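The values are calculated or read from the model by the stated rules, or taken from the named source; none is laboratory data. These numbers come from a predicted model, not from an experiment. As a convention, Cβ positions derive from the backbone with ideal geometry for all residues, glycine included, and neighbour counts pool all protein chains shown.
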């Protein structure tokens, strides 16, 4: 299978991200207008300057009209995309390919989700008529299957592993406390999280991403045009997407200790970007910490830790803000909540400010000469998953 | 001469849950009593219990029913036939008709009599879910159960019990009634019913003995049952025959299901050559007389009534009330499930009702649900049906979901590897979360997942195999 990538052919020249909140006073249209406006300003362009738009939303709206109407885009190609929780990254991926192909000179990828108008806690899937035999488990319960499987496979005490994933939540909340865009800005200790009642398997509410409304947007142009818009563009090094065939759910060989779609997307992305030692080459990584066990196994699937060792690296602080490879420096889904269509672009926004030295002092990553960041954004469940892995960098190779 | 008719197979279902009658008075200050009643789980109804009883019966024989008669007074649907759901779960041939015989408790024994006198192989399934208002006698003395009897002639195969004959007596009087739409029954003064049943029992009993040419002394056991407990006890005692245990201390009276349930219980232990009379008091009296055969010992179902009575766990009284809709509790703050699609359900009826997956003819890999394209590079439509309902499995991993919508949270979900191949994540039922362990054994059971817009969503769950 060929996957050539578009390394250094497209650049991000502007981004915007709204605060992620329970925005009772803002509609989807408001969030779109706010995020798009921030991105336009960031790149110094107007809506009419851009040639095409990709709008990612999972369940808040349908069709490109839902973006064209609030922004009053006239005569533009506007496409709505959806790919589960990786919807935001998918919008960016499509916009980048459109520009790389030469079809357009510039494009916007924008993602948004208005979750809090539903009246229920949590994310709730749009009901598709079925025969009623489909699984009804929550995502939290599906991801809770990782912990006992990992403990069994690698001989880690289950209580110890419980503390390890609580440590991941502690780290992400530490980072989120230093991010004014984050929904939850209070630090929480691993000890306190371990004391909380279980809601799914051994996971407590604080092992789960929150729920928020939000929007984020990126403007992409051909790389050679980037300096017309900004002195410090981000170059797209890799865009990979792998959709699994759900066989993990019915394949007796699958053991719930790894997310193979994520590993495959990472391998592809590293090849596209020419990365051979991600832990040494990446300045930071934004990963899809929808549940704390997810981030644990991602450290292995993304090649940051050897299989069976991520739990030690977590305890050693490897992925802390001042660690060897800082992960989720903005606070992650844990601190932001998860407006599905927006999250992937929110992750890119963190790379946008960190690699360009725009992050607030109190959570600024020491880049140590490293110029690349990884963005990982998944959708689905263990065994039934799709995964995006992207890499951006502040320098042309 | 016509062939001797009788019982070719039988099976019963007693649900796993019990209500300790003392728990009723503990909560309410009155009602209850001693012993236990059986309780259908929140995910069971008369249809699903009927499926379980019928599976027990059909597992003992290779004979296919030519007709399925389903009798209950607590139907899951009206207008729509419930027997068709049972028919689909049993994967019977489309040429086998499926009929509901309901409305009155008497219908179930009437179905059995009609099947035993008519031609052909008929699977008679009776099922009942008895509900009474809190503290009522019906609440504590009722029980939930189902039983199935495959009738046919000696030409079909070895009869486990021959039908010798019987008699009927009918009268119009008000003893117990329920108007459509009501959940619970009403009764006239107890003494009146006892008086009304007296001469009917005498008449039917004498006529039955005359019909079969036997004397009361020739009857080894009488099974006497009916929802008028006092009449059953008094009048049964006057037959001059040993009366079988009525399971009132352990199951309660399962109404329309009780005659066949007690018959199954008697056949579970009867030696060959025993004469058993079934006497049912229901708006008259029905008497059916059987004689067990040498084939009985080898034809019994795998789970006897007594074994199912033993395999049990108590349900808390308030939980029982919530399951029956008599106590409304706060549901989880999640959207309730939407109604299922009729067309999608028909397209996948083999899977939904029959639990039939597919097996890749080239790789041998089992797919649950069935798939047109095999995982691992299989060709399109290179599949064979893989019926899995009777296959047991082992728990690979599991979780307890306290967030998901359920009529009775929490949901216990397990990834199950089936014996001989095939994996599926599936909900467990009849289970205490604390007893679930990796490596535990499970068997499949037909359940009602939820209902929406008056449509019941039937599918399979896994239950622990204990003991």
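Side notes on the structure shown:
- Candidate set: the stretch B:374-394, residues that are within 11 Å of chain A (Cβ to nearest Cβ) and modelled with pLDDT of 95 or more; chosen: the one surrounded by the fewest Cβ atoms within 10 Å (Cβ to Cβ): B:394
- Criterion applied to B:396, B:431, B:465, B:380 was being within 21 Å of the chain's Cα centre (by Cα) and more than 27 Å from residue B:331 (Cβ to Cβ), and the one residue passing it is B:465.
- Whenever a residue of the stretch A:67-80 is at pLDDT 95 or above, its partners that are assigned to a loop (DSSP other than H, G, I, E, B), lying with C-beta atoms within less than 6 angstrom and at least six residues away or across chains, give the pairs A:78/A:64; A:79/A:64; A:80/A:63; A:80/A:64.
- Tally of residues being assigned to a loop (DSSP other than H, G, I, E, B), in contact with a strand residue (DSSP E or B) (Cβ under 6 Å, 6 or more places away or on another chain) and more than 8 Å from chain A (Cβ to nearest Cβ) across the stretch B:335-354: 1
- So residue B:357, is it within 14 Å of chain A (Cβ to nearest Cβ), modelled with pLDDT under 95, in contact with a strand residue (DSSP E or B) (Cβ under 9 Å, 6 or more places away or on another chain) and buried (at least 18 other Cβ atoms within 10 Å of the Cβ): no
- Considering residues of the stretch B:277-300 that are assigned to a loop (DSSP other than H, G, I, E, B) and either in contact with a helix residue (DSSP H, G or I) (Cβ under 8 Å, 6 or more places away or on another chain) or free of Cβ contacts under 8 Å to residues at least 12 places away in the same chain (or both) only, the residue farthest from the other protein chains (Cβ to nearest Cβ): B:283
- Taken over the stretch A:353-397, the criterion of being out of contact with any helix residue (DSSP H, G or I) (no Cβ under 7 Å at 6 or more places or on another chain), under 19 Å from residue A:339 (Cα atoms) and either free of Cβ contacts under 8 Å to residues at least 24 places away in the same chain or crowded, with 23+ Cβ neighbours inside 10 Å (or both) is satisfied by A:379 alone.
- Check on residue A:333, within 30 Å of residue A:95 (Cβ to Cβ) and out of contact with any strand residue (DSSP E or B) (no Cβ under 8 Å at 6 or more places or on another chain): yes
- Conditions (1) facing chain A (nearest Cβ under 8 Å); (2) at positive phi; number of the one not met by residue B:403: (2)
- Count of the stretch B:1-35 residues, restricted to those that are assigned to a strand (DSSP E or B) and farther than 19 Å from residue B:133 by Cβ, is 11.
- If you filter the stretch A:182-199 down to residues that are without any contact (Cβ under 8 Å) to a residue 12 or more places away in the chain and in a loop (DSSP other than H, G, I, E, B), you find that the one that is nearest to residue B:438 (Cα to Cα) is A:197.
- Residue within the stretch A:121-136 that is more than 20 Å from the chain's Cα centre (by Cα), away from chain B (no Cβ under 14 Å), farther than 17 Å from residue A:380 by Cβ and touching a residue at least 24 places away in the same chain (Cβ under 8 Å) present: no
- Enumeration of residues in the stretch B:317-332 that are within 13 Å of residue B:408 (Cα to Cα) and either within 14 Å of chain A (Cβ to nearest Cβ) or surrounded by 13 or more Cβ atoms within 10 Å (Cβ to Cβ) (or both): B:318, B:319, B:320, B:321, B:322, B:323, B:324, B:327, B:330, B:331, B:332
- Residue tally, condition surrounded by fewer than 19 Cβ atoms within 10 Å (Cβ to Cβ) and either touching a helix residue (DSSP H, G or I) at 6+ places or on another chain (Cβ under 8 Å) or at the interface with chain A (Cβ under 8 Å from one of its Cβ atoms) (or both), over the stretch B:418-439: 2
- Test: residue in the stretch A:77-99 that is farther than 21 Å from residue A:209 by Cβ and either in the same structural domain as residue A:385 (by TED's automatic domain parsing) or over 25 Å from the mean Cα position of the chain (by Cα) (or both): yes
- When B:397, B:391, B:362 are checked against the criterion of being assigned to a loop (DSSP other than H, G, I, E, B) and under 30 Å from residue A:146 (Cα atoms), a single residue qualifies: B:391.
- Residue check, residue B:303 in a loop (DSSP other than H, G, I, E, B) and within 14 Å of chain A (Cβ to nearest Cβ): no
- Only one of the numbered conditions (1) under 19 Å from the mean Cα position of the chain (by Cα); (2) closer than 18 Å to residue B:366 by Cβ; (3) away from chain A (no Cβ under 11 Å) is violated by residue B:442, and that is (1).
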